[in-house]
1. Counting Lys and Arg as +1 and Asp and Glu as -1, each charge on the Cβ, what is the dipole of the protein assembly as shown about the Cα centre in debye, to the nearest 20?
2. A 19 angstrom limit on the alpha carbon distance is what I want to check against. Which of A:LYS143/A:LYS173; A:LYS79/A:LYS107; A:LYS17/A:LYS211; A:LYS116/A:LYS173; B:LYS10/B:LYS210; A:LYS79/A:LYS178 exceed it?
3. Total Å² of accessible surface buried at the B-A contact, 1.4 Å probe, nearest 100?
4. Where Lys and Arg each count +1 and Asp and Glu each count -1, what net charge lies around B:ASN209 among other residues with Cβ under 15 Å from its Cβ?
5. Just which residues of segment B:131-162 lose 10 Å² or more accessible area with every protein chain there, against their chain alone, with the probe set to 1.4 Å?
6. Let me see the P(r) profile for segment A:22-113: every Cα-Cα distance counted, bins of 10 Å, each bin given as a percent of all pairs.
7. 222 nm [θ] for chain B, helices only, -39500 (n - 2.57) per DSSP H run of 4+, per residue, to 500?
8. With every protein chain present, what accessible area does A:TYR136 have (1.4 Å probe, heavy atoms only), rounded to the nearest 10 Å²?
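The values are calculated or read from the model by the stated rules, or taken from the named source; none is laboratory data. Small disclaimer: the values here were computed from a predicted structure and weren't measured. No Cβ is skipped: glycine too gets one built from the backbone with ideal geometry, and neighbour counts run over all protein chains shown. Surface accessibility is based on the protein's heavy atoms, side chains included, excluding ligands, DNA and RNA. Shrake-Rupley method; radii C 1.70, N 1.55, O 1.52, S 1.80 Å.
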Amino acid sequence: MKPFISVNNVSYQLQNKEILKDVNFKANCYEWISIIGDNGSGKTTFCKIMMGILKPTKGEIYIDGEPLTEMALFEIGQKIGYLFQNVGHQIFAPSVEEELAFAMRFKEIDEIVISKKIEEMINRFKLQNARHIAPYFLSQGEKQRLAIATILLNNPKFLILDEPTTGLDYERKNELGKLLCQIKNEGIGIIMVSHDIEFVKQYSNRIFQIKDGRVIGEE
Amino acid sequence: MKSSVDPRIKIFIALCLSTSGVLFTRVDKLLVILIIGVIYGLCFNVQYFSVYKRIRRYLQLFIVIIIIQSIFNHDGQAVLTINGFALLTDEGIIRGISYLFRIYIIVLSGAILTTSNMRDILQAFIQLKLPYDIAFMVAIGIKFMPLLVEEIQNIFTSIQLRGIDINMLSIKKRIEIVSYLFMPVIMNTLVRAKKLAISVDARGFRAYNKRTSLRQLRIKHIDEVVFFVTIVVFSGCIYF
Ligand SMILES: Nc1ncnc2c1ncn2[C@@H]1O[C@H](COP(=O)(O)OP(=O)(O)O)[C@@H](O)[C@H]1O
Ligand SMILES: [Mg+2]
(Lines give C-alpha, C1' and ligand atoms only; values in the text may rest on other atoms or scores of the structure.)
(Ligands and ions follow the chains in the order given, each with its own letter.)
Protein backbone atom coordinates (compact mmCIF):
# COMPACT_ATOMS: atom_id res chain seq x y z
CA MET A 1 0.00 0.00 0.00
CA LYS A 2 1.23 3.47 -0.81
CA PRO A 3 2.07 5.46 2.36
CA PHE A 4 -0.11 8.50 3.02
CA ILE A 5 2.72 10.57 4.41
CA SER A 6 6.19 9.95 3.09
CA VAL A 7 9.19 11.88 4.44
CA ASN A 8 12.41 11.38 2.47
CA ASN A 9 15.83 12.46 3.77
CA VAL A 10 14.48 15.57 5.43
CA SER A 11 16.84 17.86 7.35
CA TYR A 12 15.95 21.05 9.12
CA GLN A 13 18.44 23.65 10.15
CA LEU A 14 17.84 26.76 12.21
CA GLN A 15 20.60 29.30 12.70
CA ASN A 16 23.47 26.82 12.22
CA LYS A 17 21.76 24.33 14.50
CA GLU A 18 20.64 21.12 12.88
CA ILE A 19 17.36 20.17 14.51
CA LEU A 20 16.49 17.26 12.21
CA LYS A 21 19.02 15.16 10.31
CA ASP A 22 18.19 13.01 7.32
CA VAL A 23 14.83 11.85 8.59
CA ASN A 24 13.03 9.08 6.74
CA PHE A 25 9.52 8.27 7.81
CA LYS A 26 6.40 6.74 6.35
CA ALA A 27 2.88 6.70 7.70
CA ASN A 28 -0.10 4.76 6.43
CA CYS A 29 -3.77 5.43 6.91
CA TYR A 30 -5.48 3.17 9.44
CA GLU A 31 -2.50 3.22 11.78
CA TRP A 32 -1.71 5.06 14.97
CA ILE A 33 1.90 6.14 15.18
CA SER A 34 3.35 7.68 18.30
CA ILE A 35 6.44 9.85 18.47
CA ILE A 36 8.27 10.23 21.74
CA GLY A 37 11.38 12.23 22.58
CA ASP A 38 12.89 14.58 25.13
CA ASN A 39 11.84 18.20 25.44
CA GLY A 40 13.45 20.22 22.68
CA SER A 41 14.31 17.15 20.62
CA GLY A 42 12.42 18.52 17.63
CA LYS A 43 9.05 16.80 17.81
CA THR A 44 7.04 19.95 17.23
CA THR A 45 9.41 20.97 14.46
CA PHE A 46 8.91 17.59 12.79
CA CYS A 47 5.12 17.92 12.99
CA LYS A 48 5.20 21.42 11.56
CA ILE A 49 7.39 20.25 8.70
CA MET A 50 4.94 17.48 7.84
CA MET A 51 2.15 20.09 7.91
CA GLY A 52 4.00 22.38 5.52
CA ILE A 53 4.15 25.12 8.17
CA LEU A 54 7.95 24.95 8.23
CA LYS A 55 9.96 24.29 5.09
CA PRO A 56 12.68 21.63 5.34
CA THR A 57 16.19 22.74 4.44
CA LYS A 58 16.70 19.48 2.58
CA GLY A 59 14.63 16.54 1.42
CA GLU A 60 11.09 15.94 0.20
CA ILE A 61 7.71 15.18 1.66
CA TYR A 62 4.78 13.61 -0.15
CA ILE A 63 1.23 13.70 1.09
CA ASP A 64 -1.07 11.23 -0.62
CA GLY A 65 1.48 10.98 -3.44
CA GLU A 66 1.60 14.75 -3.97
CA PRO A 67 4.72 16.81 -3.20
CA LEU A 68 4.11 19.00 -0.18
CA THR A 69 5.88 21.95 -1.77
CA GLU A 70 3.12 22.19 -4.33
CA MET A 71 0.32 22.37 -1.80
CA ALA A 72 -1.00 25.47 -0.06
CA LEU A 73 -1.80 25.40 3.65
CA PHE A 74 -5.53 25.36 3.00
CA GLU A 75 -5.15 22.25 0.84
CA ILE A 76 -2.96 20.48 3.38
CA GLY A 77 -5.48 21.28 6.11
CA GLN A 78 -8.14 19.37 4.19
CA LYS A 79 -5.96 16.26 4.10
CA ILE A 80 -4.33 16.39 7.52
CA GLY A 81 -5.74 17.84 10.69
CA TYR A 82 -3.22 19.39 13.06
CA LEU A 83 -3.60 19.85 16.78
CA PHE A 84 -1.13 22.50 17.95
CA GLN A 85 0.93 21.90 21.06
CA ASN A 86 -0.55 25.14 22.31
CA VAL A 87 -4.23 24.51 21.61
CA GLY A 88 -5.09 28.06 22.62
CA HIS A 89 -3.47 29.25 19.41
CA GLN A 90 -5.93 27.47 17.18
CA ILE A 91 -9.09 28.60 18.91
CA PHE A 92 -9.97 32.17 18.19
CA ALA A 93 -13.72 32.72 17.80
CA PRO A 94 -15.84 34.40 20.50
CA SER A 95 -17.97 31.31 21.23
CA VAL A 96 -17.85 27.54 20.85
CA GLU A 97 -20.61 27.58 18.26
CA GLU A 98 -18.91 30.26 16.19
CA GLU A 99 -15.64 28.39 16.48
CA LEU A 100 -17.22 25.31 14.93
CA ALA A 101 -19.05 27.32 12.29
CA PHE A 102 -16.06 29.49 11.35
CA ALA A 103 -14.74 27.66 8.29
CA MET A 104 -18.19 26.68 7.06
CA ARG A 105 -19.39 30.29 7.21
CA PHE A 106 -16.39 31.40 5.19
CA LYS A 107 -17.17 28.76 2.63
CA GLU A 108 -20.76 30.03 2.53
CA ILE A 109 -22.38 26.74 3.42
CA ASP A 110 -26.13 26.81 4.08
CA GLU A 111 -26.93 27.89 7.67
CA ILE A 112 -29.27 24.92 8.22
CA VAL A 113 -26.48 22.50 7.35
CA ILE A 114 -24.08 24.44 9.58
CA SER A 115 -26.32 24.29 12.64
CA LYS A 116 -26.90 20.58 12.09
CA LYS A 117 -23.16 19.93 11.98
CA ILE A 118 -22.54 22.08 15.04
CA GLU A 119 -25.14 20.10 16.96
CA GLU A 120 -23.57 16.85 15.85
CA MET A 121 -20.08 17.91 16.92
CA ILE A 122 -21.20 19.35 20.24
CA ASN A 123 -22.88 16.06 21.12
CA ARG A 124 -20.07 13.88 19.88
CA PHE A 125 -17.37 15.80 21.72
CA LYS A 126 -19.42 16.40 24.88
CA LEU A 127 -19.30 20.16 24.64
CA GLN A 128 -22.91 20.73 25.75
CA ASN A 129 -21.95 22.54 28.93
CA ALA A 130 -19.44 24.69 27.12
CA ARG A 131 -21.45 25.79 24.13
CA HIS A 132 -22.13 29.34 25.30
CA ILE A 133 -18.82 29.94 27.03
CA ALA A 134 -16.06 31.88 25.30
CA PRO A 135 -13.51 29.23 24.23
CA TYR A 136 -10.86 31.24 25.98
CA PHE A 137 -12.21 30.17 29.37
CA LEU A 138 -12.62 26.48 28.59
CA SER A 139 -10.57 23.85 30.39
CA GLN A 140 -7.62 22.26 28.63
CA GLY A 141 -9.58 19.11 27.81
CA GLU A 142 -12.54 21.06 26.46
CA LYS A 143 -10.28 23.25 24.35
CA GLN A 144 -8.70 20.14 22.91
CA ARG A 145 -11.99 18.47 22.11
CA LEU A 146 -13.20 21.67 20.49
CA ALA A 147 -10.02 21.91 18.41
CA ILE A 148 -10.32 18.27 17.32
CA ALA A 149 -13.97 18.86 16.42
CA THR A 150 -13.09 21.84 14.22
CA ILE A 151 -10.34 19.81 12.57
CA LEU A 152 -12.65 16.89 11.82
CA LEU A 153 -15.13 19.20 10.12
CA ASN A 154 -12.60 19.36 7.27
CA ASN A 155 -12.87 15.57 6.78
CA PRO A 156 -9.12 14.96 6.93
CA LYS A 157 -7.62 11.53 6.23
CA PHE A 158 -4.97 11.93 8.87
CA LEU A 159 -4.46 13.63 12.22
CA ILE A 160 -1.20 14.97 13.62
CA LEU A 161 -1.54 15.65 17.34
CA ASP A 162 1.20 17.51 19.19
CA GLU A 163 1.19 16.42 22.84
CA PRO A 164 -2.58 15.98 23.25
CA THR A 165 -2.20 14.21 26.62
CA THR A 166 -0.33 17.01 28.36
CA GLY A 167 -2.41 18.69 31.02
CA LEU A 168 -5.12 16.04 31.11
CA ASP A 169 -6.05 14.00 34.18
CA TYR A 170 -6.36 10.21 34.10
CA GLU A 171 -10.08 10.25 33.25
CA ARG A 172 -9.75 12.81 30.46
CA LYS A 173 -6.83 10.89 29.04
CA ASN A 174 -8.86 7.71 28.84
CA GLU A 175 -11.70 9.60 27.22
CA LEU A 176 -9.27 11.08 24.70
CA GLY A 177 -7.88 7.61 23.97
CA LYS A 178 -11.35 6.22 23.32
CA LEU A 179 -12.26 9.17 21.15
CA LEU A 180 -9.12 8.83 19.06
CA CYS A 181 -9.67 5.08 18.70
CA GLN A 182 -13.13 5.82 17.36
CA ILE A 183 -11.65 8.28 14.90
CA LYS A 184 -9.02 5.75 13.87
CA ASN A 185 -11.70 3.12 13.28
CA GLU A 186 -13.34 5.50 10.84
CA GLY A 187 -10.20 5.14 8.74
CA ILE A 188 -8.30 8.24 9.83
CA GLY A 189 -4.59 7.71 10.51
CA ILE A 190 -3.01 9.26 13.58
CA ILE A 191 0.45 10.58 14.39
CA MET A 192 0.68 11.54 18.02
CA VAL A 193 3.48 13.19 19.94
CA SER A 194 3.41 12.30 23.62
CA HIS A 195 5.50 11.83 26.74
CA ASP A 196 3.04 9.46 28.29
CA ILE A 197 4.69 6.11 27.66
CA GLU A 198 1.82 4.16 29.18
CA PHE A 199 -0.74 5.90 27.00
CA VAL A 200 1.48 5.51 23.96
CA LYS A 201 1.97 1.77 24.55
CA GLN A 202 -1.71 1.21 25.15
CA TYR A 203 -2.89 2.65 21.86
CA SER A 204 -0.21 2.89 19.20
CA ASN A 205 0.60 0.47 16.42
CA ARG A 206 4.11 1.82 15.97
CA ILE A 207 6.35 3.95 18.17
CA PHE A 208 9.20 6.19 17.05
CA GLN A 209 11.69 8.16 19.04
CA ILE A 210 13.36 11.41 18.04
CA LYS A 211 16.88 11.55 19.37
CA ASP A 212 19.76 13.81 18.33
CA GLY A 213 17.75 14.95 15.34
CA ARG A 214 17.12 11.43 14.06
CA VAL A 215 13.92 9.43 14.02
CA ILE A 216 14.49 5.94 15.37
CA GLY A 217 11.93 3.16 15.25
CA GLU A 218 11.35 1.32 18.51
CA GLU A 219 9.22 -1.53 17.30
CA MET B 1 33.67 43.92 19.39
CA LYS B 2 30.05 42.80 19.37
CA SER B 3 29.67 42.42 23.10
CA SER B 4 32.35 44.84 24.21
CA VAL B 5 30.68 48.08 23.14
CA ASP B 6 28.59 49.69 25.85
CA PRO B 7 24.86 49.54 25.11
CA ARG B 8 24.64 53.26 25.87
CA ILE B 9 26.93 53.91 22.92
CA LYS B 10 24.76 51.66 20.80
CA ILE B 11 21.68 53.61 21.85
CA PHE B 12 23.49 56.81 20.89
CA ILE B 13 24.46 55.40 17.49
CA ALA B 14 20.94 54.14 16.87
CA LEU B 15 19.57 57.58 17.77
CA CYS B 16 22.02 59.32 15.41
CA LEU B 17 21.25 56.91 12.60
CA SER B 18 17.49 57.04 12.87
CA THR B 19 17.39 60.81 13.41
CA SER B 20 19.47 61.47 10.34
CA GLY B 21 17.45 58.92 8.41
CA VAL B 22 14.31 60.88 9.21
CA LEU B 23 15.72 64.43 8.91
CA PHE B 24 17.77 64.17 5.76
CA THR B 25 15.86 64.33 2.52
CA ARG B 26 18.54 64.23 -0.14
CA VAL B 27 18.99 60.79 -1.58
CA ASP B 28 22.79 61.01 -1.71
CA LYS B 29 22.95 61.91 2.00
CA LEU B 30 20.62 59.06 2.84
CA LEU B 31 22.84 56.69 0.89
CA VAL B 32 25.86 57.85 2.90
CA ILE B 33 23.95 57.35 6.17
CA LEU B 34 22.89 53.90 5.00
CA ILE B 35 26.47 52.95 4.22
CA ILE B 36 27.59 54.23 7.62
CA GLY B 37 24.81 52.20 9.22
CA VAL B 38 25.85 49.07 7.34
CA ILE B 39 29.46 49.57 8.49
CA TYR B 40 28.33 49.93 12.11
CA GLY B 41 26.17 46.87 11.62
CA LEU B 42 29.16 44.89 10.37
CA CYS B 43 31.20 45.98 13.39
CA PHE B 44 28.43 44.93 15.78
CA ASN B 45 27.83 41.67 13.95
CA VAL B 46 24.21 42.36 12.97
CA GLN B 47 22.40 39.39 11.44
CA TYR B 48 21.93 40.90 7.99
CA PHE B 49 19.92 37.98 6.73
CA SER B 50 17.20 38.52 9.28
CA VAL B 51 17.22 42.26 8.53
CA TYR B 52 16.80 41.45 4.86
CA LYS B 53 13.92 39.10 5.61
CA ARG B 54 12.16 41.78 7.60
CA ILE B 55 12.59 44.33 4.85
CA ARG B 56 11.79 42.09 1.89
CA ARG B 57 8.06 42.61 1.98
CA TYR B 58 8.45 46.38 1.72
CA LEU B 59 9.94 46.09 -1.76
CA GLN B 60 6.51 46.05 -3.37
CA LEU B 61 5.49 49.05 -1.30
CA PHE B 62 8.58 50.78 -2.64
CA ILE B 63 7.39 50.33 -6.24
CA VAL B 64 3.95 51.64 -5.31
CA ILE B 65 5.55 54.71 -3.69
CA ILE B 66 7.57 55.40 -6.83
CA ILE B 67 4.44 55.29 -8.97
CA ILE B 68 2.37 57.41 -6.57
CA GLN B 69 5.14 59.98 -6.25
CA SER B 70 5.46 60.10 -10.02
CA ILE B 71 1.75 60.59 -10.62
CA PHE B 72 1.19 63.29 -8.02
CA ASN B 73 4.46 65.16 -8.39
CA HIS B 74 4.66 67.08 -11.59
CA ASP B 75 8.34 67.95 -11.30
CA GLY B 76 10.88 65.81 -12.99
CA GLN B 77 11.27 64.21 -16.36
CA ALA B 78 8.93 61.49 -17.42
CA VAL B 79 10.70 58.17 -17.77
CA LEU B 80 7.69 56.08 -18.67
CA THR B 81 4.47 57.48 -20.14
CA ILE B 82 1.31 55.67 -21.07
CA ASN B 83 -1.05 57.57 -23.38
CA GLY B 84 0.63 60.85 -22.44
CA PHE B 85 0.18 60.13 -18.74
CA ALA B 86 3.45 60.20 -16.84
CA LEU B 87 3.53 56.96 -14.89
CA LEU B 88 7.19 57.12 -13.89
CA THR B 89 9.27 60.24 -13.46
CA ASP B 90 12.90 60.50 -12.42
CA GLU B 91 11.84 62.59 -9.41
CA GLY B 92 9.40 59.86 -8.42
CA ILE B 93 12.06 57.19 -8.66
CA ILE B 94 14.44 59.27 -6.53
CA ARG B 95 11.81 59.76 -3.86
CA GLY B 96 10.94 56.09 -3.90
CA ILE B 97 14.59 55.19 -3.41
CA SER B 98 14.84 57.70 -0.56
CA TYR B 99 11.94 56.02 1.21
CA LEU B 100 13.57 52.66 0.76
CA PHE B 101 16.84 53.95 2.21
CA ARG B 102 14.98 55.45 5.15
CA ILE B 103 13.24 52.21 5.96
CA TYR B 104 16.57 50.37 5.78
CA ILE B 105 18.26 52.92 8.05
CA ILE B 106 15.56 52.71 10.69
CA VAL B 107 15.47 48.91 10.66
CA LEU B 108 19.27 48.89 10.90
CA SER B 109 19.31 51.12 13.96
CA GLY B 110 16.84 48.76 15.61
CA ALA B 111 19.00 45.80 14.63
CA ILE B 112 22.08 47.41 16.17
CA LEU B 113 20.23 47.68 19.48
CA THR B 114 19.25 44.02 19.41
CA THR B 115 22.93 42.98 19.37
CA SER B 116 23.10 43.71 23.11
CA ASN B 117 21.12 41.53 25.42
CA MET B 118 17.94 42.94 26.93
CA ARG B 119 19.28 43.17 30.46
CA ASP B 120 22.18 45.37 29.33
CA ILE B 121 19.92 47.68 27.36
CA LEU B 122 17.63 48.02 30.35
CA GLN B 123 20.65 48.79 32.53
CA ALA B 124 21.73 51.39 30.00
CA PHE B 125 18.37 53.12 30.22
CA ILE B 126 18.58 53.07 34.01
CA GLN B 127 22.06 54.56 34.04
CA LEU B 128 20.92 57.19 31.56
CA LYS B 129 18.50 58.21 34.35
CA LEU B 130 15.39 57.09 32.53
CA PRO B 131 12.78 56.27 35.22
CA TYR B 132 12.96 52.56 36.00
CA ASP B 133 9.21 52.11 35.52
CA ILE B 134 9.48 53.25 31.94
CA ALA B 135 12.65 51.30 31.25
CA PHE B 136 11.01 48.21 32.71
CA MET B 137 7.92 48.73 30.58
CA VAL B 138 10.00 49.04 27.43
CA ALA B 139 11.93 45.90 28.32
CA ILE B 140 8.75 43.91 28.99
CA GLY B 141 7.27 45.15 25.74
CA ILE B 142 10.28 44.01 23.77
CA LYS B 143 10.41 40.71 25.58
CA PHE B 144 6.80 39.88 24.79
CA MET B 145 7.01 40.81 21.13
CA PRO B 146 8.20 37.38 19.90
CA LEU B 147 5.41 35.71 21.88
CA LEU B 148 2.82 37.93 20.25
CA VAL B 149 4.27 37.33 16.82
CA GLU B 150 4.25 33.58 17.36
CA GLU B 151 0.67 33.71 18.54
CA ILE B 152 -0.51 35.71 15.54
CA GLN B 153 1.39 33.42 13.18
CA ASN B 154 -0.11 30.31 14.74
CA ILE B 155 -3.64 31.66 14.55
CA PHE B 156 -3.12 32.73 10.96
CA THR B 157 -1.75 29.29 10.10
CA SER B 158 -4.61 27.50 11.80
CA ILE B 159 -7.16 29.66 9.97
CA GLN B 160 -5.62 28.53 6.69
CA LEU B 161 -5.44 24.92 7.85
CA ARG B 162 -9.18 25.02 8.36
CA GLY B 163 -9.35 25.00 4.59
CA ILE B 164 -9.66 28.71 3.92
CA ASP B 165 -7.80 30.06 0.91
CA ILE B 166 -6.89 33.59 1.99
CA ASN B 167 -5.98 34.63 -1.54
CA MET B 168 -9.44 33.88 -2.86
CA LEU B 169 -11.34 35.90 -0.25
CA SER B 170 -13.05 39.20 -0.89
CA ILE B 171 -11.66 42.32 0.81
CA LYS B 172 -14.55 42.29 3.27
CA LYS B 173 -13.80 38.75 4.39
CA ARG B 174 -10.11 39.44 4.65
CA ILE B 175 -10.85 42.25 7.07
CA GLU B 176 -13.02 39.84 9.02
CA ILE B 177 -10.05 37.43 9.22
CA VAL B 178 -7.89 40.20 10.65
CA SER B 179 -10.45 40.78 13.39
CA TYR B 180 -10.28 37.07 14.23
CA LEU B 181 -6.51 37.39 14.44
CA PHE B 182 -6.49 40.19 16.94
CA MET B 183 -9.36 39.35 19.25
CA PRO B 184 -7.64 36.42 21.00
CA VAL B 185 -4.28 38.16 20.94
CA ILE B 186 -5.69 41.17 22.78
CA MET B 187 -7.46 38.84 25.20
CA ASN B 188 -4.27 36.89 25.90
CA THR B 189 -2.24 40.05 26.27
CA LEU B 190 -4.64 41.47 28.85
CA VAL B 191 -4.63 38.29 30.89
CA ARG B 192 -0.85 38.06 30.65
CA ALA B 193 -0.50 41.68 31.74
CA LYS B 194 -2.71 41.03 34.74
CA LYS B 195 -0.69 38.00 35.80
CA LEU B 196 2.52 39.91 35.29
CA ALA B 197 1.26 42.79 37.42
CA ILE B 198 0.44 40.39 40.25
CA SER B 199 3.78 38.66 40.08
CA VAL B 200 5.67 41.95 39.86
CA ASP B 201 3.82 43.27 42.92
CA ALA B 202 4.50 40.05 44.76
CA ARG B 203 8.21 40.57 44.20
CA GLY B 204 8.09 44.03 45.64
CA PHE B 205 8.34 46.10 42.52
CA ARG B 206 8.41 49.83 43.48
CA ALA B 207 8.39 48.93 47.15
CA TYR B 208 11.23 51.44 47.59
CA ASN B 209 11.82 54.46 45.46
CA LYS B 210 15.52 53.97 45.08
CA ARG B 211 16.67 50.88 43.25
CA THR B 212 20.22 49.71 43.10
CA SER B 213 21.62 47.42 40.46
CA LEU B 214 24.13 44.68 41.02
CA ARG B 215 25.37 45.00 37.48
CA GLN B 216 26.88 48.35 36.51
CA LEU B 217 27.90 49.33 33.02
CA ARG B 218 31.26 51.07 32.72
CA ILE B 219 32.56 53.10 29.82
CA LYS B 220 35.76 51.55 28.46
CA HIS B 221 38.38 52.93 26.11
CA ILE B 222 36.83 51.31 23.10
CA ASP B 223 33.50 52.95 23.97
CA GLU B 224 35.14 56.36 24.10
CA VAL B 225 36.70 55.76 20.70
CA VAL B 226 33.44 54.58 19.15
CA PHE B 227 31.58 57.53 20.70
CA PHE B 228 34.13 60.02 19.35
CA VAL B 229 34.12 58.46 15.88
CA THR B 230 30.32 58.56 15.84
CA ILE B 231 30.24 62.26 16.71
CA VAL B 232 32.79 63.07 14.01
CA VAL B 233 31.01 60.97 11.41
CA PHE B 234 27.58 62.43 12.02
CA SER B 235 28.73 66.03 12.29
CA GLY B 236 30.52 65.40 9.02
CA CYS B 237 27.24 64.23 7.54
CA ILE B 238 25.45 67.41 8.56
CA TYR B 239 27.96 69.64 6.75
CA PHE B 240 28.42 67.30 3.86
N1 LIG C 1 11.93 29.66 16.36
C2 LIG C 1 13.00 29.04 16.91
N3 LIG C 1 14.18 29.69 17.07
C4 LIG C 1 15.24 29.06 17.60
N5 LIG C 1 15.24 27.80 18.00
C6 LIG C 1 14.12 27.10 17.88
C7 LIG C 1 12.93 27.67 17.33
N8 LIG C 1 11.96 26.74 17.32
C9 LIG C 1 12.52 25.64 17.86
N10 LIG C 1 13.80 25.86 18.19
C11 LIG C 1 14.73 24.85 18.79
O12 LIG C 1 14.54 23.65 18.13
C13 LIG C 1 14.57 22.56 19.04
C14 LIG C 1 13.36 21.70 18.86
O15 LIG C 1 12.22 22.39 19.27
P16 LIG C 1 10.79 21.68 19.30
O17 LIG C 1 10.54 21.09 17.95
O18 LIG C 1 9.79 22.67 19.76
O19 LIG C 1 11.00 20.54 20.40
P20 LIG C 1 9.93 19.61 21.12
O21 LIG C 1 8.60 19.87 20.54
O22 LIG C 1 10.43 18.22 20.87
O23 LIG C 1 9.99 19.93 22.58
C24 LIG C 1 14.69 23.16 20.43
O25 LIG C 1 16.00 22.93 20.87
C26 LIG C 1 14.42 24.62 20.25
O27 LIG C 1 15.28 25.35 21.08
MG1 LIG D 1 6.87 20.42 21.28
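1. Values: 55 positive and 43 negative charges, 264 e Å.
Using Cβ point charges on Lys, Arg, Asp and Glu, the protein assembly as shown gives about 1260 debye.
2. Working: A:LYS143/A:LYS173 14 Å; A:LYS79/A:LYS107 17 Å; A:LYS17/A:LYS211 15 Å; A:LYS116/A:LYS173 28 Å; B:LYS10/B:LYS210 26 Å; A:LYS79/A:LYS178 22 Å.
Flagged as over cut-off: A:LYS116/A:LYS173; B:LYS10/B:LYS210; A:LYS79/A:LYS178.
3. Details: alone 16240 and 11490 Å², together 25380 Å².
Adding both sides of the contact gives about 2300 Å².
4. Details: positive: B:LYS129, B:ARG206, B:LYS210, B:ARG211; negative: B:ASP133.
Net charge in that neighbourhood comes out at +3.
5. Checking the loss per residue gives B:GLU150, B:GLU151, B:ASN154, B:ILE155, B:THR157, B:SER158, B:ILE159, B:GLN160, B:LEU161, B:ARG162.
6. 12, 39, 32, 15, 2
7. Numbers: 9 runs with 173 residues, N = 240.
One gets -24500 deg cm²/dmol as the mean residue ellipticity at 222 nm.
8. Taking all protein chains as shown, A:TYR136 has close to 70 Å².
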